[in-house]
Amino acid sequence: MSPSASAGAPRWTYLGPEGTFTEAALRTLPGAGEAVSIPMASVPAALDAVRRGEADGAVVPLENSVEGSVSITLDELATGEPLLIEREILLPISFALLVRPGTAFEDIKTVSSHSHAQPQVRRWLAANLPDAHWSSAASNADAARLVQEGRYDAALAGEFAAARYGLVPLVTDIHDVEGAVTRFVQVRRPGSVVAPTGADRTSVVAFIVDDHAGALLEILQEFAVRGVNLDHIQSRPTGDGLGHYFFAIEAEGHIADARVGEALMGLRRVCAAVRFLGSYPRADGVRPQVRRGTSDPEFADAADWLDRCRRGDG
């Protein structure tokens, strides 16, 4: 928690403890210096605090460029009490091998990190610590805390976590893939949608009626025929048994765009349920390529023509 935050300052939860990459992402947000930052033990705990009104928003990891989606975040946003994404943050990721002072490289027999971190450094571990036993922790910062307590010899975490837990970085800039990035999202309780910027992303979750041939194609067609490009689509089990899935979808554009709005209307018609997760600015600033016939003026012109036809003067 920020000790300088005033009583009226916004309260933001995040995946803790202190020293996580999630906290580093939160610190990049406008107004972060005045906010009360509250570390939570898990993604569900961070989101539930917002749902209960104990926090104004939460910052949680959603996707890594190496390991893919963070399933627990995706599932919580899809099936928990509704929340709305209002911002995304892109954070470059590299790890440091943190140890207690005096620990030598040859002393390391156990290493801990978050489960999403291990695949990002798997080859480095195999080449440099082939005999060390790796264990999962609730977060990379939690792994550092466990090293501080003597539970493990080393943690793979952000270098910035070293000072917080009285550790020293034995090796820095560890990664298997150059330029790895994790995408975080800031979420809040449902309300008005962030205004379009022209470089936006829309996230939804679609629940299919049943598992049948062409179910995915039906979903894709709603976007394709309206010229809406998809950035990401992933199936996840609903938990109701085999054959029951939902699709997490991220599309270029904003719900205020005619092509995106109509695609979501079509999706709602062919699916059992659709949950809107938000339209928000893309952190990379990439603008969609709007195909001929799919701009807002062209949709408006087509709607006007249809009205005239219905009145008999088309």
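Things to note:
- Tally, over the stretch 90-124, of residues that are free of Cβ contacts under 8 Å to residues at least 24 places away in the same chain and hydrophobic (A, V, I, L, M, F, W, C): 1
- Being assigned to a loop (DSSP other than H, G, I, E, B), of a type in the set (Gly, Ala, Ser) and more than 21 Å from ALA283 (Cβ to Cβ) is a property that does not hold for GLY198.
- Some residue of the stretch 274-288 being touching a residue at least 60 places away in the same chain (Cβ under 8 Å), open to solvent by less than 20 Å² (accessible area, probe 1.4 Å) and in contact with a Phe, Trp or Tyr (Cβ under 7 Å, 6 or more places away or on another chain): no
- Verdict on SER94 being under 13 Å from the mean Cα position of the chain (by Cα), within 28 Å of LEU170 (Cα to Cα) and either surrounded by 15 or more Cβ atoms within 10 Å (Cβ to Cβ) or of a type in the set (Lys, Arg) (or both): no
- Residues (hydrophobic (A, V, I, L, M, F, W, C), assigned to a helix (DSSP H, G or I) and farther than 16 Å from ASP200 by Cα) located in the stretch 254-296: MET265, LEU267, VAL270
- ALA45 being part of a helix (DSSP H, G or I), open to solvent by 20 Å² or more (accessible area, probe 1.4 Å), among the small types (Gly, Ala, Ser) and modelled with pLDDT of 95 or more: yes
- Test: residue in the stretch 61-79 that is within 23 Å of SER192 (Cβ to Cβ), assigned to a strand (DSSP E or B) and charged (D, E, K, R): no
- The stretch 195-220, subset more than 30 Å from ASP240 (Cα to Cα) and either of a type in the set (S, T, N, Q) or within 17 Å of the chain's Cα centre (by Cα) (or both), residue most open to solvent (accessible area, probe 1.4 Å): THR197
- Where GLN186 falls short, out of the listed (1) modelled with pLDDT of 95 or more; (2) of a type outside the set (Ser, Thr, Tyr); (3) not in a strand (DSSP E or B): (3)
- Within the stretch 48-88, the set of residues being hydrophobic (A, V, I, L, M, F, W, C) and open to solvent by 50 Å² or more (accessible area, probe 1.4 Å) comprises VAL66, ILE72.
- Beta carbons closer than 7 Å, at least 6 apart along the sequence or on distinct chains, never pair a first residue in the stretch 127-156 that is under 12 Å from LEU167 (Cα atoms) and in a helix (DSSP H, G or I) with a second that is open to solvent by 70 Å² or more (accessible area, probe 1.4 Å) and of a type in the set (Gly, Ala, Ser).
The values are calculated or read from the model by the stated rules, or taken from the named source; none is laboratory data. In this text, all values refer to a predicted model and were calculated from it rather than measured experimentally. As a convention, Cβ positions derive from the backbone with ideal geometry for all residues, glycine included, and neighbour counts pool all protein chains shown. Only protein heavy atoms, including side chains, enter the accessible area calculation; ligands, DNA and RNA are left aside. Shrake-Rupley method; radii C 1.70, N 1.55, O 1.52, S 1.80 Å.
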